[in-house]
Amino acid sequence: MNSKPNKKIMDYKISQLGIVVKDMDKTTAFLEKLGIGPFPTIETDTPSGKIKIGIYQQGDLQIELIQPLQGNTPHAKFLKEKGEGLHHVSYHCKDIEKELKKLEKTGIKIIERGDIFGVKYAYLDTQKQCGFILELGQWPES
């Protein structure tokens with residue numbers, strides 16, 4: 001076994017699992033029956049369309065349900081191509097611009113970036129390499 005130290009590009013904690021769903025009401029009703037939730041929901045615009053999100057905080061981990069509503073969002077594309085499921089794993093970072101510059105050197109492209117309710121985010125094109133999107137998120141207090 002190789003004992004060389006692993007030089008990490010990203011050294012942050014997972015903060016969120018993003019799951020794309022077809023029907024927010026149906027999914028949240030089912031999960032809440034299991035004791036997972038509640039999932040307060042809100043509709044919001046992204047750079048590529050409109051989505052409905054429901055967020056449940058469990059300790060340090062957020063479970064985000066995302067239902068595409070309008071436009072060609074990464075979520076709508078995911079739903080069309082793969083169906084419902086794990087869309088992204090999000091890492092909370094303190095300086096998103098600094099981290100994106102580091103990742104740019106690896107050749108990883110940004111699918112979408114934006115700001116929702118003061119949270120800056122960037123979806124990274126990692127689906128071919130790991131089957132899901134990596135997301136960086138920077139909260140306002142970071």
Each residue of the stretch 114-122 in order: what ³J(HN,Hα) in whole Hz does its phi give by Karplus 6.51 cos²θ - 1.76 cosθ + 1.60, θ = phi - 60°, with x for Gly and Pro? x, 9, 10, 6, x, 8, 7, 9, 8
The answer for residue 126, listing residues at least 5 apart or on another chain whose modeled amide H is closer than 5 Å to its amide H, is 134
Multiplying the sequence separation of residue 109 and residue 50 by 0.36 nm and subtracting their Cα-Cα distance, what value in nm do you get? 19.0 nm
How long, wide and thick is the stretch 81-121, going by the Cα atoms along their three principal axes, in whole angstroms, largest first? 33, 28, 15
10 Å Cβ shell holding at most 12 others, DSSP loop, trypsin sites (Lys or Arg not before Pro): longest site-free stretch of the chain: 23-93
Amide H neighbours of residue 62 under 5 Å, counting only residues 5+ apart in sequence or on other chains, H built in-plane at 1.01 Å? 16, 17
Whole-number value, in Å³ per residue, for the convex hull of the alpha carbons of the stretch 14-138 is 105
Distance (nanometres) between label positions extended 7 Å along Cα→Cβ at residue 58 and residue 41: 1.9
Give me a comma-separated list of calculated 3J(HN,Hα) values for the stretch 20-32, in order, Karplus coefficients 6.51, -1.76, 1.60 applied at θ = phi - 60°, integers in Hz, x for any Gly or Pro. 7, 10, 7, 9, 4, 4, 5, 5, 5, 4, 5, 5, 5
What chymotrypsin sites (Phe, Trp or Tyr not before Pro) in the stretch 64-142 are in a loop by DSSP, with at most 11 other Cβ atoms within 10 Å of the Cβ? 117
Scoring the chain by relative contact order with C-alpha pairs under 8 Å, at least six apart, yields a percentage of 24
Show that you can apply the helix-only estimate: for the chain, add -39,500 (n - 2.57) for every DSSP H stretch of four or more residues, divide by all residues, and state [θ] at 222 nm to the nearest 500. -6000 deg cm²/dmol
Could you list 21, 119 so that the one with the fewest beta carbons within 10 Å of its beta carbon is first and the one with the most is last? 119, 21
Once you place label points 7 Å from the Cα toward the Cβ at residue 117 and residue 98, how far apart are they in nm? 2.6
About its Cα centre, what dipole magnitude does the chain give when the only charges are +1 on Lys and Arg Cβ and -1 on Asp and Glu Cβ, stated in debye to the nearest 20? 620
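Only the coordinates and a few stated rules stand behind these numbers; no lab work does. Predicted model, so just to flag it, every value in this text is computed and none were measured. Cβ: placed from backbone, ideal geometry, glycine included. Neighbour counts: every protein chain shown.
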